[in-house]
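Student: Shown below is the structure under consideration.
The values are calculated or read from the model by the stated rules, or taken from the named source; none is laboratory data. All figures in this text were calculated on a predicted structure; none of them were measured in a lab. Heads up, the Cβs are rebuilt from the backbone with ideal geometry, glycines too, and the neighbour counts pull from every protein chain shown. Quick note on the areas: whole protein, heavy atoms, side chains included, nothing else; ligands and nucleic acids left out. Shrake-Rupley method; radii C 1.70, N 1.55, O 1.52, S 1.80 Å.
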Amino acid sequence: KTEKKVNSLKKALGYFYALAKSRYNYGGFKYVDGLTVLNDNFLGIASVKKQLYVPNSMRTRLVEFTWNKPYIIWVANIKARKRPEICIEVAESVKDLGIDLLMVGHIQDHYYDYLKQPENTPDNLHYIGPKSVEEVNGIIRESMFLIHTCRPEGFGNNFIQAWFQAKPVVSLEFDPGGLIKKHKLGYVSNDDVVQFIDDIKLLVSDKELTLEFGKNASEYSFENHDPKINVKILETFINKIVCEYNTVNERFMFANNTTGKQE
């Protein structure tokens, strides 16, 4: 009993420490002159006057990849928040359709080490380990589409990788900024695993719909996630803030000089 009380106290103290640290860090925004966000619904959350939405960007270079069967792809670091165990249900559901499910990512939570042993998973589920950005691009390009089981986060780069390769996304829950629904880039399954599997099977069976979503994804990605465009937007934003800062500093120096004070 004493040990349980001590552990409970440690958890409570850890929670309050994390909360206090978060609030302390948040207070640092009062010293920030400009803020960029990677998701437009993050605008206005922090108390910074100058804010700009600059979408994430990804490289499109790739390493060629081949597989002997049609497959769908899951990409993320493997830990509880990413809900990789759902892939087992997905693999079982598409097994009779002749579809494989490939999982890419570094196993960060050793609870999921069982994915390394083929006898622990359906025979159409293949964990192929961590891969480079270029390798993931190649794997996605040859896939049917990307599936996403992760809980909401900032903006999953694997979404952008899929869209650049003209591949739709079927997401269990997360739709960054509502983009998937708004631009018809795939499906969002409202955190319902049954619907998620139904959406996956629908896209597997409807090649025309997959191509339509893929075309939308390609157009959207090149219009919004091109590094060349977004770097220029970011550079302009930074230069504007620096110029304004220098102008204010020059005025301060001039005011000091007019009163006879030395710099």
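Student: Sequence-distant or interchain residues sharing an amide H contact under 5 Å with S189, placed H: which?
Tutor: Under 5 Å from the amide H of S189: S171, L172, E173.
Student: Still on this structure: Please state the charge dipole magnitude for the chain, taken about the Cα centre, from unit charges on C-beta atoms (+1 on K and R, -1 on D and E), reported in debye and rounded to the nearest 20. Mind showing how you got there, number by number?
Tutor: Values: 34 positive and 33 negative charges, 282 e Å.
Taking the Cα centre of the chain as origin, the dipole is about 1360 debye.
Student: Using the Cα centre as the reference, give the magnitude of the dipole from point charges on the C-beta atoms of the stretch 60-128 (Lys, Arg: +1; Asp, Glu: -1; all else neutral), rounded to the nearest 20 debye. Please list the in-between numbers first.
Tutor: Details: 8 positive and 10 negative charges, 75 e Å.
In debye, rounded to 20, the stretch 60-128 gives about 360.
Student: Note down the nm distance, to one decimal, between modelled labels 7 Å out along Cα→Cβ at F16 and at N68.
Tutor: In this crude spin-label approximation the distance works out to 6.1 nm.
Student: Would you give the gap between the C-alpha center of the stretch 22-42 and the C-alpha center of the stretch 79-116, rounded to a whole Å?
Tutor: 35 Å
Student: Could you give the length gained on full extension between D191 and I45, defined as 0.36 nm per residue of separation minus the Cα-Cα distance, in nm? Don't skip to the answer; put the middle values down first.
Tutor: Details: separation 146, 0.36 × 146 = 52.56 nm, distance 2.49 nm.
Separation in residues times 0.36 nm, less the Cα-Cα distance, equals 50.1 nm.
Student: Taking amide H positions as placed in the peptide plane 1.01 Å from N, state which residues far from K50 in sequence (5 or more) or on other chains have amide H under 5 Å from it.
Tutor: Amide H to amide H, under 5 Å and 5 or more residues apart or across chains, K50 pairs with L35.
Student: Could you work out the local net charge near I73, counting Lys and Arg as +1, Asp and Glu as -1, over the other residues with Cβ closer than 11 Å to its Cβ? Don't skip to the answer; put the middle values down first.
Tutor: Working: positive: K131, R141, K167; negative: D100, E142.
Taking every other residue near I73 into account, the sum is +1.
Student: Quick one: with all protein chains in place, what share of the accessible area of the stretch 11-83 is carbon or sulfur, to the nearest percent (1.4 Å probe)?
Tutor: Details: 2940 of 5080 Å².
Carbon plus sulfur share of accessible area: 58 percent.
Student: With the cut-off at 26 Å, tell me which of the pairs K21/K116; K49/K79; K50/K82; K11/K49; K50/K228; K49/K182 have Cα atoms farther apart than that. Let's see the in-between values first.
Tutor: On the way: K21/K116 37 Å; K49/K79 36 Å; K50/K82 33 Å; K11/K49 37 Å; K50/K228 22 Å; K49/K182 28 Å.
Flagged as over cut-off: K21/K116; K49/K79; K50/K82; K11/K49; K49/K182.
Student: Now, a different point. Expressed in nm to one decimal, what extension gain is obtained for the pair D198 and I86 from 0.36 nm per residue of sequence separation less their Cα-Cα distance?
Tutor: Working: separation 112, 0.36 × 112 = 40.32 nm, distance 1.34 nm.
Result: 39.0 nm gained on full extension.
Student: Set the Förster radius R0 to 41 Å, insert the Cβ-Cβ distance between K228 and S8 as r into 1/(1 + (r/R0)^6), and round the FRET efficiency to 0.05. Working shown, then result.
Tutor: Working: r = 53 Å, r/R0 = 1.29.
Result of the calculation: an efficiency of 0.20.
Student: Would you kindly derive the ³J(HN,Hα) couplings of the stretch 202-209 from the backbone phi angles with the Karplus curve 6.51 cos²θ - 1.76 cosθ + 1.60 (θ = phi - 60°), listing them in order in whole Hz, with x for Gly and Pro?
Tutor: Once θ is set to phi - 60°, the couplings for the stretch 202-209 become 5, 6, 4, 7, 10, 5, 5, 5 Hz.
Student: Quick check for me: using +1 on Lys/Arg Cβ and -1 on Asp/Glu Cβ, what's the dipole size of the stretch 1-144 about its Cα centre, in debye to the nearest 20? It would help to have the intermediate numbers written out before the result.
Tutor: Working: 21 positive and 16 negative charges, 259 e Å.
The calculation lands at about 1240 debye.
Student: May I ask which residue of I160, S221, A80 lies farthest towards the positive end of the charge dipole of the chain, with charges of +1 (Lys, Arg) and -1 (Asp, Glu) on Cβ and the Cα centre as origin?
Tutor: Selected residue: A80.
Student: On full extension of the chain, what length is gained from E244 through S205, given 0.36 nm per residue of separation minus the C-alpha to C-alpha distance?
Tutor: On the way: separation 39, 0.36 × 39 = 14.04 nm, distance 5.59 nm.
Full-extension gain reported as 8.5 nm.
Student: Oh, and also: Tell me whether the chain comes out rounded, prolate or oblate; compute the Cα gyration tensor, take square roots of the eigenvalues as a ≥ b ≥ c, and use a/c under 1.5 as the rounded threshold.
Tutor: On the way: a/c = 2.71, a/b = 1.55, b/c = 1.74.
Because a/c hits 1.5 or more and a/b fails to exceed b/c, the chain counts as oblate.
Student: Ok, one more. Once phi is turned into θ = phi - 60°, what whole-Hz ³J(HN,Hα) does the Karplus curve with 6.51, -1.76 and 1.60 give for every residue of the stretch 218-228, x standing for Gly and Pro?
Tutor: Per residue, the Karplus-derived 3J(HN,Hα) values read 4, 4, 4, 5, 6, 7, 10, 10, 6, x, 4 Hz.
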